[in-house]
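Step one of this worksheet: look at the structure below.
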Amino acid sequence: MKHRGYYGSFGGAFLPEILIPTFDELVAAYENARNDPAFWNQYQQLMAEYSGRPTPLTFAANLTRHFGGAKIYIKREDLNHTGAHKANNVMGQGLLVQKMGKKRVIAETGAGQHGAACATMAAKFGFDCTIYMGEKDVMRQRPNVFWMEQLGAQVVPVTDGTKILKDAINQTFRDWVTHMDTTHYVLGTACGPHPFPEMVAWFQSIIGKEARQQILEQEGRLPHKVYACVGGGSNALGLFSGFMDDPVDLVGVEAGGKGIDTGQHAARLSSEDASPGIAQGYKTFFLQDNDGQMKETHSISAGLDYVGVSPILAHMHEIKKARFESATDTEVVDALKLTIKTEGIIPALESAHAFAGAFREASDLSGDQIIIINQSGRGDKDIFTVAEALNDPEWKTFIQKKAAQYHA
């Protein structure tokens, strides 16, 4: 890693001059925390007492029998407070906000899990909170919007551009530029200008630390492969961090959408459709045209349709430290249905991408091999999207009756 957050040729901090003092303050606060063992101890205690960590590593006996190959374990980030891995990052950043003496936090969100986690953190620490969310995501993630508002956050629908995550990020940066003295931007994934990629990955490393210790305790050996979905990359880096120095295959699964050849996907590292570029303050692979304009993306999952990817993962891809695959919407729904009916576990649509990638390979592995799938979030937030994808008639009737009540 080079100076100021570079990973090979990716990363950096491409900032307007007005933001440099704010980032200098953030870098200093982060580096002080990173070098202070007492801070990590405080963070771990907070996550244990408030968020319920460590999350379990669950042996999926039924799925293992179903595929007849590798032993399948699931890292249960869905059991983390707020239902996803997002709490790991926001609680850590909340402690930094306290140290910096700021009173307001802002955040972007796609699937709503980061927004809900940030609103929860703000309620606990007593911060004012504003969440920016693409108008399209507000519609498909209404349950999370409801809870953010109940937690006291102001949710602002973003109507610019494609009305999804990248547009929410742009709007959040605009807010920050005008309120730097009082406000901290709680960026939700391992993207953006330095120190965000490194800092978010550090807080999420609690996943990999736990998973490594747990698999050694339960099996007495390391896994052969670990799988995580990849949007921005925070949950993948969280899991991968525990096995960076081990002979373990690190597999990230991106959103294949309606198929790579359709162009309606969000596969940056697992397709030929992305290229290196600079946007939103950092350099990475973006889905962009020849003029550097960002393309529209698609995923059944609101959390994986980001146009870029963590610069850390971009570098890992470039040096072949990790392998990246994609899963289509259809594969994801099939993996979700199988997991629900076989294990009684309901992954988020984001997480179901990792399940789909693992299921594709599990049967080809021997029974003495082990894989870990990171279940980055729970699926109840996706009930509207999943019910529509499954074309469930009873759900349609329920929605129609509810709509009729409101219009009565």
Scanning for something part of a loop (DSSP other than H, G, I, E, B) and under 21 Å from ILE72 (Cβ atoms), does region 254-275 turn up at least one residue? no
Go through region 320-331 and count every residue that is β-branched (Val, Ile, Thr) and either in a strand (DSSP E or B) or touching a Leu at 6+ places or on another chain (Cβ under 6 Å) (or both). 1
With (1) touching a residue at least 40 places away in the same chain (Cβ under 8 Å); (2) among the aliphatic types (A, V, I, L, M); (3) closer than 22 Å to GLU325 by Cα as the list, and ILE215 as the residue in question, which single condition is left unmet? (3)
Do you know which residues across region 194-237 are under 14 Å from the mean Cα position of the chain (by Cα), in a helix (DSSP H, G or I) and of a type in the set (Gly, Ala, Ser)? ALA201, SER205, SER234, ALA236
Whether any residue in region 195-215 is of a type in the set (A, V, I, L, M, F, W, C), in contact with a Ser or Thr (Cβ under 6 Å, 6 or more places away or on another chain) and crowded, with 18+ Cβ neighbours inside 10 Å is what I want to check. yes
Being of a type in the set (Phe, Trp, Tyr) and exposed (fewer than 13 other Cβ atoms within 10 Å of the Cβ) is the filter; apply it to region 377-408 and report the residue that is nearest to ALA228 (Cα to Cα). PHE398
Only one residue in PHE359, PHE355 is surrounded by 11 or more Cβ atoms within 10 Å (Cβ to Cβ), within 18 Å of the chain's Cα centre (by Cα) and at pLDDT 95 or above, so which one is that? PHE355
For region 338-408, list the helices (runs of 4 or more DSSP H) that sit wholly inside it and hold at least 2 residues that are under 25 Å from VAL138 (Cα atoms) and in contact with a Gly (Cβ under 9 Å, 6 or more places away or on another chain); which are they? 349-362
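For every residue, the table says whether it meets (1) out of contact with any Gly (no Cβ under 9 Å at 6 or more places or on another chain); (2) outside any helix (DSSP H, G or I); (3) crowded, with 22+ Cβ neighbours inside 10 Å; (4) free of Cβ contacts under 8 Å to residues at least 12 places away in the same chain.
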residue	(1), (2), (3), (4)
LEU63	yes, no, yes, no
ASN88	no, no, yes, no
LEU95	yes, no, no, no
LYS102	yes, yes, no, no
ALA111	no, yes, yes, no
THR120	yes, no, yes, no
ALA123	no, no, no, no
LYS136	yes, no, no, no
Please enumerate the residues belonging to region 250-282 that are closer than 26 Å to TYR6 by Cβ, touching a residue at least 40 places away in the same chain (Cβ under 8 Å) and surrounded by fewer than 22 Cβ atoms within 10 Å (Cβ to Cβ). SER271, PRO276, ILE278, GLN280, GLY281
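The values are calculated or read from the model by the stated rules, or taken from the named source; none is laboratory data. Since this is a predicted model, take the numbers as computed values, not measurements. Reconstructed Cβ throughout: ideal geometry from the backbone, glycine too, with neighbour counts over all protein chains shown.
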